[in-house]
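Novice: Dropping a structure here in structure tokens format, bear with me for questions.
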Amino acid sequence: MGLLSFLKIFIVNIIILILFITFMPGLLPDVPIVKSYKIIKAALDGKLTPNNKLENVEILFKEELLGPESFTDDKNYIYTSLHTGDIVKINGKHIVPVVQFGKPCKGIYEERICGRPLGLRFGSDGYLYTADAYYGIFRVDVNTGDKKKLVSFGQEIEGKPTKLPNSVAVSCNGDVYWTDSTSNFILQDGLYALLDDPAGRLIHYNAKTGENKVLMEDGFFTNGLALSTNEDFVIVADARNQILRHYLKGPKTGTTDLFVRLPGVPDNIQTDGRSGFLITVIVESNLENPNLISTFSQFPNIRRFLARSLSLAEFGFRFIDKLYPNEICQRTTHFVGHISSAVNAIPSRSVILHVSENGEILDTLWTNNKTIQGFSEAHIVKNYLYLGSPFNDYLGRIPLAEVGWEHLSKKSDSLTSKKQLCEAHKPAAKASPPKMTTKDTPPKPTTATPPKPTATATPSKPTTTATPPKPTATATPSKPTTTATPPKPTATATPSKPTTTATPPKPTTTATPSKPTATAAPPKPTITAKIDTPKSVPPKQSPPPKQSPPPKPTTANTPSKPTVTTSKPTTTTQPTTKPPSLKQSKTPAPTTTQQPTTTQKPPTVATTSKPKTTTTTPKPTSTIRNKDKDESRGNQNNNINPNIKKTTSNSPKSEL
């Protein structure tokens, strides 16, 4: 048999083997890989032009931090998630464990046992939220280490199990947005997920109900995510070299579109402390440097063959480990399907992009240094940019001024910034109802306070004015006000709590600047109630006080005892203390009363002592608490106008 015949037989056998592996049902992984999708490769120009800004990255904690994946900070502590299953906090040169969700294990090849926390973020409630790829979504008290599981690993959500919880973002109301990178494979088999059809999801966890709702499906290895400043949309990293935007509010609620195109496969997303985002590309993929995933994205049969070939190799080592348990087979089984095997086999440059909230690329940071590559997240703490990687054993750091990002320096930590942002959103989210003024609450009147109390008497708004040189009470149909000067008698009507207060020994009310005065003795204060219903036209002003009454006065005046006219609601005097008896004063001089042509509502006037206020409340019937009650009624009935209605004050408080 010649060489040519041997080659033909060999090629035929290879083809048969490939077809068998590709189409034989039941072979692992037993998932349908049938979809064809296209990955658009970006051109390296404009803002995407490569540079060397990340060449001088400082390496910290070499061989002390294994795989620092994600970051957040509070006060002086930087929190990060490690490949050992721990979340630790770093302060200076000290590394302090915070929490671990799994169990102790021998090494990273047993990460299914020890757990693998990935994304972590602080909520405004002060708790740390994190996604463990093997145990689920947790809320952690960083002070005590107490943890609460919110979503379990393998939990079925809308018909599909949770297989790879990856990143989290926390809203101000405590809801958690998180990504499940694939519904078919765990993290240890992450390389299969990159060969599989898009099966990633964006899920919303409701903090009040504990329910999960799928917001977006068919994402290709959905990874990092971040909320916008106003929380009206969330952006999600998609391994098809793009960032997707899902709207949470507004007219586009529930829809998804392209946010920005990238020069490679994105990993985690951080905010820049303002309104922009820091997006990290972990594997380069563009027109100049295509990768294996983008090359075979449109050929599902080739992807299925590659996935099944890896599965067969992994199956062999797993079978040997069952017969003869050994660490070599366990490490090899872990390495075959893990994403790190592909990343380490295809060296590429790390890229960090600064993107605005509108999806505009503002700047990029590149490095060609192969010793510092595979960065998964960039996080700003004060004046430094910290860089993490699931494949490195150190923490990277570079000053912001060195890369030209000094304007992004942060004065506060991530937790404080989150609280301030949520506090700023509270008035916009829940507008407080307007407070009721005193005008809106008529049932709560308050009394006027000296020295200058004013009150409203009737709805018709007549005006009663007491002037020192000319003691007259003028009723006009406009506004019910009582003007009083401290040294002169004040006429005040307050409809809330009518009280008569007399200061001992003998409070005197002086109505004229000259000799005639009206003295109210404590044992027997007198109130003269008369009715005067003036015309709608303004009354004439009374002449200066004389011994004889002036012509056509609006209020009956006498040189010795001035009287005050009131309306039908007669004066009810209710003292706060035990009142003395009241006597009706007689008017020695006749008064001239203007005959009304129209019915008016004159004010109710109460005569007060010098520093105190006498409050009168109009009542439907005349009530004078007096020993000579009958005599008082006899004097008043001659002047009562039957058309005067009861006056009810709205609220003196609204007038003060």
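Novice: Residue 240: of a type in the set (D, E, K, R), part of a strand (DSSP E or B) and under 24 Å from residue 214 (Cβ atoms), yes or no?
Specialist: no
Novice: I'm trying to understand the selection: among the residues of region 175-207, which are open to solvent by 10 Å² or more (accessible area, probe 1.4 Å), out of contact with any helix residue (DSSP H, G or I) (no Cβ under 9 Å at 6 or more places or on another chain) and either hydrophobic (A, V, I, L, M, F, W, C) or closer than 13 Å to residue 137 by Cβ (or both)?
Specialist: Matches in region 175-207: 175, 177, 204, 205, 206, 207.
Novice: In region 116-155, what residues are open to solvent by 20 Å² or more (accessible area, probe 1.4 Å), within 18 Å of residue 169 (Cβ to Cβ) and in contact with a Pro (Cβ under 9 Å, 6 or more places away or on another chain)?
Specialist: none
Novice: Residues in region 86-110 that are surrounded by fewer than 18 Cβ atoms within 10 Å (Cβ to Cβ) and closer than 17 Å to residue 135 by Cβ: how many?
Specialist: 4
Novice: Ok, one more. Could you check, for region 64-71, whether at least one of its residues is within 40 Å of the chain's Cα centre (by Cα), part of a strand (DSSP E or B) and within 25 Å of residue 373 (Cα to Cα)?
Specialist: The initial filter retains those residues of region 64-71 that are within 40 Å of the chain's Cα centre (by Cα), namely 64-71.
Restricting the remaining residues to those that are part of a strand (DSSP E or B) gives 71.
Adding the requirement that they be within 25 Å of residue 373 (Cα to Cα) leaves 71.
Yes: one or more hits.
Novice: If you don't mind, another one. So how many residues does region 310-361 have that are surrounded by 16 or more Cβ atoms within 10 Å (Cβ to Cβ), farther than 30 Å from residue 53 by Cβ and of a type in the set (S, T, N, Q)?
Specialist: Matching residues across region 310-361 total 4.
Novice: Just for strands (runs of 3 or more DSSP E) wholly inside region 362-416: which have at least 2 residues that are open to solvent by less than 20 Å² (accessible area, probe 1.4 Å) and farther than 24 Å from residue 289 by Cβ?
Specialist: 377-381
Novice: Considering only region 347-369, I want to know if a residue exists there that is modelled with pLDDT under 95 and under 19 Å from residue 80 (Cα atoms).
Specialist: No, there is no match, as no residue in region 347-369 is modelled with pLDDT under 95 and under 19 Å from residue 80 (Cα atoms).
Novice: Exactly one of these conditions fails for residue 380: (1) within 34 Å of the chain's Cα centre (by Cα); (2) more than 25 Å from residue 413 (Cα to Cα). Give me its number.
Specialist: Among (1) within 34 Å of the chain's Cα centre (by Cα); (2) more than 25 Å from residue 413 (Cα to Cα), residue 380 violates only (2).
Novice: Looking at 59, 113, 78, 40, which is the one that is surrounded by fewer than 17 Cβ atoms within 10 Å (Cβ to Cβ) and within 21 Å of residue 167 (Cα to Cα)?
Specialist: Just a single option satisfies the conditions, and that option is 113.
Novice: Would region 429-442 turn up any residue that is modelled with pLDDT of 95 or more and either of a type in the set (Gly, Ala, Ser) or in contact with a helix residue (DSSP H, G or I) (Cβ under 7 Å, 6 or more places away or on another chain) (or both)?
Specialist: Within region 429-442, not a single residue is modelled with pLDDT of 95 or more and either of a type in the set (Gly, Ala, Ser) or in contact with a helix residue (DSSP H, G or I) (Cβ under 7 Å, 6 or more places away or on another chain) (or both).
Novice: Considering only residues of region 349-363 that are touching a Ser or Thr at 6+ places or on another chain (Cβ under 8 Å) and not charged (D, E, K, R), which is farthest from residue 284 (Cα to Cα)?
Specialist: 356
Novice: List the pairs whose first member sits in region 273-297 and is assigned to a helix (DSSP H, G or I), whose second member is open to solvent by 50 Å² or more (accessible area, probe 1.4 Å), and whose Cβ atoms are under 8 Å apart, counting only residues at least 6 apart or on separate chains?
Specialist: 292/346; 294/41
Novice: Return the residue satisfying two criteria in turn: it lies in region 268-288 and is surrounded by 16 or more Cβ atoms within 10 Å (Cβ to Cβ) and of a type in the set (S, T, N, Q), and of such residues it is nearest to residue 230 (Cα to Cα).
Specialist: 271
Novice: Of the residues that sit in region 208-244 and are out of contact with any helix residue (DSSP H, G or I) (no Cβ under 8 Å at 6 or more places or on another chain) and acidic (Asp, Glu), which one is surrounded by the most Cβ atoms within 10 Å (Cβ to Cβ)?
Specialist: Looking at the filtered set, the residue picked out is 238.
Novice: For region 14-37: of the residues being open to solvent by less than 70 Å² (accessible area, probe 1.4 Å) and either part of a loop (DSSP other than H, G, I, E, B) or aromatic (Phe, Trp, Tyr) (or both), which is farthest from residue 394 (Cα to Cα)?
Specialist: The residue in question is 26.
The values are calculated or read from the model by the stated rules, or taken from the named source; none is laboratory data. The shown structure was predicted, so the numbers you read here are calculated from the model rather than taken from an experiment. No Cβ is skipped: glycine too gets one built from the backbone with ideal geometry, and neighbour counts run over all protein chains shown. Accessible surface areas use protein heavy atoms only, side chains included; no ligands, DNA or RNA. Shrake-Rupley method; radii C 1.70, N 1.55, O 1.52, S 1.80 Å.
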